[in-house]
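In what follows, a single structure is set out as C-alpha cells and then discussed.
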Amino acid sequence: MTVRIGSGAGFAGDRIDPAVDLARRAALDDLVLECLAERTIALGQQRRLADPGAGHDPRLHARLAPLLPVALDTGTRVLTNMGAANPPAAGYIVRRMLDDAGSTATVGVVTGDDVLDALDLDAPALEDARPLRAHGEIVSANAYLGADAIAPALEAGAQVVVTGRVADPSLFLAPLAQRLGWAPDDVDAAAAGTLVGHLLECAGQLTGGYAADPGRLDVPDLARLGFPFADVAADGTATYGKLDGTGGRLDRHTVREQLLYEVTDPSGYVTPDVLLDLRGVRVDATGPDRVRVHGARGRPRPERLKVTVGYDAGSRVEAEISYAGPGADARGRLAADVVATRLAGLPVTPRIEVLGGPADARLRVAARGDDPAVLEVVGHEVEALYTNGPAGGGGVRVHHAPVLGVLSTFIPRDAVRPRTRILEAVGAAA
Amino acid sequence: MQLHDLAHCRAGDKGTVATLTVVPHDDASYDDLVRVLTADRVRAHLDPWIGGEVVRHELPLISVLQFVCSGVRGGGVTVSTALDTHGKSLSSRLLALELEDVSAARAASRPA
C-alpha cells in the first residue's frame, strides 16, 4: 500500500491552477497547501488586530474556490496552514464554501500555536541573545506545532484541515502517519514522513522551478510548471512524480537541490516531530520525472518548540534613480556621492549602492528606522537628483513600508496546548 | 573556469544564516569539488555578503556539498535594507567563483 500526497502551494504567492490540476488528475489521497512564511503570520496578526475576522491568508477564498469542488469530487483531503493568524475565521470561511456547495464534508481547525500570552518576553532571542522585548514592540508569537497537533482533526474525519503556524513538514507527516499507521514514537517513520514534507513543501521548487539556468540547467515548458506528488510506502520509501503534460523536470538535480534547501545541519534537521538525519539519504531516478528517495533516519523530537516572534521594526524607505548610456555607471556613482553627502549627519545609516552595468546603472538608497520624518528625507534626496544631480537621471521610485522583524526563541512543549475544532455542515448531527 | 561550469546551486535562508547547496552537473566532479571548493574559499568569495563563519558539510552518497553561512550582512530577511532581502541571489554569486585548479578534462566531461 502506498499513499499519494501532493503539494498544491509552496508559498503565499504561489500559483493556483497546478493544485487544481493535481486534485483532478493525480488520484491523490491528500493535497497540502503551504502558504505561511516566517513573517506572514506577524502580518496576519496585525490585520487581525484591526479586524477580528481577518488575519488568515488573504488568498484563502481565491485559492480554495476552484480547488474544493474538484477535491471533494475526487475524494482528496486538503490540508493547509492558510489559517495564518486566525485559523477559526479561515475555518468558518471554508465551512461556508462547503455549505454553499451542498457538501457535508467536515472542516478541522487547529489552534494553539499563538503563545504570545505564555511567552517570557525577557527571554533571549536566538539571533542575538538580547531579550525579545528589547528589539521593539512584540506583535505576535507563534509556536511551531507538529503532526501531533494535526492528528486529532484527521482522526475526527475532517476532509479539510486548516491550521495556523505548524512546521511545514508536519502538514505532510500527519496525514501520512494516519494513513500508513505509523506509531508516534517510530522515529524513522517520522523522519521519512518529514523528508517527504521537506521535499514537497515548496511545491514547484522540486519540479524545476527556481532551478532553470539556460544552457546549464534547462527546464522544459517552465511556463506550465507542474507541482509534485509522492507515493509513500509504509517503510517510508517515497517515489516523487509530476503529472504528464505539465512543464518542468523532476530528476536527481532538482530533488538534490531541494533536499538540502534551508538545512543548516544535515545530521539533524529539527522539526517538532523528529530530528531528521539526511546523511544516509539516497536519491535515484526510476523513470522520466520519477525519483525515488529513501534512507532518512530519525532521533527523538526536541523537548522545546521553536517560536517565531514578530516585532515592530519601524519602517523602510527604498529610493531609486536610473542612468543610461555612456558613463552611466560614473553618473550613478556621482549620484551616490551626492546623496551620501546630503544625508551625512542623519540619524540613520542608509545603504547606498549602484546596481546594473556600465551603460545602465540604477542608484538604490535604502534605510530602515523608527522616525518616518527621517526616512522621508532619505527618499526626498533621491527624488531631488532629478534637477540637482548628474545628467540624464530618470525613473525615480520612492517606496515607504512598515517593517515587521522576526525573531526566534524556544518554549517548553508543555506550555503549548494545541486544540482542534470540528466544523460540521449546517444541519448535520452534532 | 567558474564554479558555474561544474555545478548548480540553490540558496536558502534561515534568519541571518544562508544555506548554499552545490550540486555538480556530473557526479564525477564531486571529488574535484570536495578538493577545491573549501569553506575558506567560499567564505572569501562571499565576503561582501557574508560576515560570519562558513561551514561545509559533505554528502558523498548524493554528491552534494552544503555550505552553511552565518552572519548574512545587513541583518537577515525581515529587517535588511538589501534589494534581495532573502539572499536568494547568493547562489548565483557563488557560481561566479573562479576555479583554476580543476582539470580541464573534468570540465569537458560535463554533459550538455
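No value in this document is a laboratory result; all are computed from the given coordinates. Because the structure is predicted, anything quoted here is derived from the model rather than measured. Methodologically, a virtual Cβ is constructed for each residue, glycine included, from the backbone with ideal geometry; neighbour enumeration extends over all protein chains shown.
Residues of the range A:376-398 falling in the label zone of A:T341, defined by backbone nitrogen less than 14 Å from a point 7 Å along Cα to beta-carbon, are A:385, A:388-391. Taking the average, over residues, of other Cβ atoms within 10 Å as the packing measure, peptides A:362-374, A:104-116, B:12-24 rank B:12-24, A:104-116, A:362-374 from highest down. Across peptide A:257-270, the average count of Cβ atoms from other chains found within 10 Å of a residue's Cβ is 6.
Relative contact order, percent, of chain A when contacts are C-alpha pairs under 8 Å separated by at least 6 residues?
That works out to 18 percent.
A simple spin-label model places pseudo-atoms 7 Å from Cα toward Cβ; at B:D40 and A:R24 they are separated by 5.8 nm.
Computed from the C-beta positions of A:R282 and A:H61, the FRET efficiency with R₀ = 45 Å rounds to 0.60. For the peptide B:59-70, the mean number of other protein chain Cβ atoms found within 10 angstrom of a residue's Cβ is 5. One way to sum up the overall shape of the range A:309-408 is the equivalent ellipsoid from its Cα gyration tensor, whose semi-axes run 27, 14, 10 Å, largest first. In the protein assembly as shown, helices alone account for a calculated mean residue ellipticity at 222 nm of -8000 deg cm²/dmol, with every DSSP H run of four or more residues adding -39,500 (n - 2.57).
Straight-line reach from A:K306: taking Cα to Cα under 16 Å and skipping same-chain neighbours fewer than 8 places apart, the lysines in range are B:K14.
Write down, largest first, the equivalent ellipsoid semi-axes of the range A:133-284 in whole Å, where each equals the square root of 5 times an eigenvalue of the alpha-carbon gyration tensor.
For the range A:133-284, the semi-axes come out at 27, 21, 17 Å.
Please rank B:S29, A:S170, fewest neighbouring Cβ atoms within 10 Å first, as an exposure proxy. All intermediate terms of the calculation are to be shown ahead of the outcome.
Details: B:S29 20, A:S170 29.
Ordered by Cβ neighbours within 10 Å, fewest first: B:S29, A:S170.
Evaluated over the Cα positions of the range A:114-208, the convex hull gives a direction-averaged projected area, one quarter of its surface, of 8.8 nm².
Using 0.36 nm per residue and subtracting the Cα-Cα separation, the extra length available between A:H400 and A:A359 on full extension is 11.9 nm. Per-residue packing, averaged as other Cβ atoms within 10 Å, sorts the ranges A:301-307, A:48-54 into the order A:301-307, A:48-54, beginning with the highest.
Any chance you could list P(r) for the protein assembly as shown, counting all Cα-Cα pairs in 10 angstrom bins from zero, rounded to whole %? The distribution over the protein assembly as shown is 4, 17, 26, 26, 18, 8, 2, 0, given as percents.
Give me the extension gain from A:D235 to A:A223: residue separation times 0.36 nm, minus the current Cα-Cα distance, reported in nm with one decimal.
Values: separation 12, 0.36 × 12 = 4.32 nm, distance 3.55 nm.
In short, 0.8 nm is gained.
Taking the Cα atoms of the range B:19-101, the ratio Rg/Rh between the radius of gyration and the Kirkwood radius comes to 0.99. For a modelled paramagnetic label at B:L83, 7 Å from Cα along Cα-to-Cβ, the residues of the range A:352-372 in reach, with backbone nitrogen under 20 Å, are A:352-368. In this structure, A:E303 and A:E155 have a Cβ-Cβ separation that, at R0 = 30 Å, corresponds to a calculated FRET efficiency of about 0.75.
Counting neighbouring Cβ atoms within 10 Å and putting the fewest first, the residues A:T76, B:T81 line up as B:T81, A:T76.
If R0 equals 25 Å, the separation of the Cβ atoms of A:R419 and A:T104 corresponds to a calculated FRET efficiency of about 0.60. Counting, for every residue in A:401-407, the Cβ atoms of other protein chains within 10 Å of its Cβ and taking the mean gives 3.
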